[in-house]
Amino acid sequence: MSSETSLILFKPDAIGKNLVGTVLARFQAAGFIIRGIKMMLLSDEILAEHYSHIADKPFFPAVRSFMQETPVIALALEGENVIAAIRDLLGPTDSMVAPEGTIRGDFGFKDADAKMRNVCHASDSVEAAQDELKRFFKDGEIFAY
């Protein structure tokens, strides 16, 4: 086992449905430690970088528009094998197939046209987490104690 730090983004649907505290409590109950947290508006530039793998797709403007509906909350969470553990807690990206008891199964939109409305983004690998944490947190904004 190894200690890792992952990025979580509470998406506009989590903000709009007032789910941040409920979901954060699940992460903390799993034993993860908050190392950084902040609310921010996402610029076109940061979204183009974060979603560079789909920025050329015809649906990207809808993703960008959704991610700019409200501020998001960026969270740096640390724990043993936290990346895989968080992804298990969240459930599949598609909330329509996420089982009950997972965050997306319990709180995600159950609408085939709203797949991006799935409560949170989470890093999918150690390398992605390192890149994403640098994208959303400046030096000195992630704390060790």
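None of the figures in this text is laboratory data; all of them are computed from the coordinates on show. Just so you know, these numbers come straight off a predicted model, no measurement behind them. As a convention, Cβ positions derive from the backbone with ideal geometry for all residues, glycine included, and neighbour counts pool all protein chains shown.
Annotations for the structure displayed:
- Members of LYS11/LYS57; LYS17/LYS57; LYS11/LYS134; LYS11/LYS110; LYS57/LYS115 lying beyond 24 Å, as alpha-carbon distances in this model show: LYS17/LYS57
- Listed by Cβ neighbour count within 10 Å, with the fewest neighbours leading, TYR145, TYR51 appear as TYR145, TYR51.
- Based on DSSP H segments of at least four residues, each scored -39500 (n - 2.57), the chain has a per-residue ellipticity at 222 nm of -10000 deg cm²/dmol.
- Rh (Kirkwood; distinct C-alpha pairs) - the chain, Å: 15.4 Å
- Our estimate of slack between ALA62 and MET40, defined as 0.36 nm per intervening residue step minus the Cα-Cα distance, is 6.0 nm.
- Radius 10 Å from Cβ of GLU78, net charge of other residues (Lys, Arg +1; Asp, Glu -1): -1
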